[in-house]
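**Student:** So that we are looking at the same thing, I have put the structure below in structure tokens.
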Amino acid sequence: MTAGRHAWGVNGHSWMQGPEGIEHEDIGGSLGRMDGVAFYANLLWRLPPGKDIDQVSPETDAQEYLQCAGSAQAMTVELRRIIDGRSRHFVIGRPERRPDGPPSEVIRWDAFTTRIYPNEVFVAAEAAVLFTCYYETDDIPATYQLRELDL
């Protein structure tokens, strides 16, 4: 298998260049091993044209990406995009009506907690659909909604 055009990050410090043609089952298997403690985050981004992982810095070159944090049973999935030259960060949710009030669901990852709405909580299998679509198209299915975060 040849080197792919994407980089995969684990826990924000371990980076690898993905193989070309990674399968949905591989992505699902990785997300399914998340335990929220030792393995709590994944990040997928397209490498700059003509560059390999050893020629870039994820901290500065990963401008747009899909990431998740939590465990296989409960995780948040987020999308970062550059829109009109500005970085914007979104939580992904199912197209269900969001309850009024502040986010009520707590996602635990590493030593942190994140609050999100019930329609924004994913299990590994559904998150794998988002990651597979992003790997193939650099986007998520249009059926999901985005809630912008003010970071």
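The values are calculated or read from the model by the stated rules, or taken from the named source; none is laboratory data. Since the structure is predicted, the reported quantities are computational estimates derived from the model, not experimental observations. Methodologically, a virtual Cβ is constructed for each residue, glycine included, from the backbone with ideal geometry; neighbour enumeration extends over all protein chains shown.
**Student:** Give all pairs with beta carbons closer than 9 Å in which a residue from the stretch 16-32 that is closer than 9 Å to H6 by Cα meets a residue that is in a strand (DSSP E or B) and modelled with pLDDT under 75; count only pairs at least 6 apart in sequence or on separate chains.
**Tutor:** These pairs meet every condition: Q17/A3; Q17/G4; G18/A3; G18/G4; P19/A3; P19/G4; E20/A3; E20/G4.
**Student:** Which ones in the stretch 38-57 are in a loop (DSSP other than H, G, I, E, B) and surrounded by 12 or more Cβ atoms within 10 Å (Cβ to Cβ)?
**Tutor:** Answer for the stretch 38-57, where residues must be in a loop (DSSP other than H, G, I, E, B) and surrounded by 12 or more Cβ atoms within 10 Å (Cβ to Cβ): F39, Y40, L47, P48, K51, D52, V56.
**Student:** Could you list all residues from the stretch 13-53 that are of a type in the set (G, A, S), under 18 Å from Y65 (Cβ atoms) and at pLDDT 80 or above?
**Tutor:** S30, A41
**Student:** Here's a follow-up. Restricting to the stretch 31-73, what's the tally of residues that are within 10 Å of V10 (Cα to Cα) and among the polar types (S, T, N, Q)?
**Tutor:** 2
For every residue, the table says whether it meets (1) among the aliphatic types (A, V, I, L, M); (2) exposed (fewer than 12 other Cβ atoms within 10 Å of the Cβ); (3) under 21 Å from V10 (Cβ atoms).
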{"site": "P99", "(1), (2), (3)": "no, yes, no"}
{"site": "P102", "(1), (2), (3)": "no, yes, no"}
{"site": "R108", "(1), (2), (3)": "no, no, yes"}
{"site": "R115", "(1), (2), (3)": "no, no, no"}
{"site": "A124", "(1), (2), (3)": "yes, no, yes"}
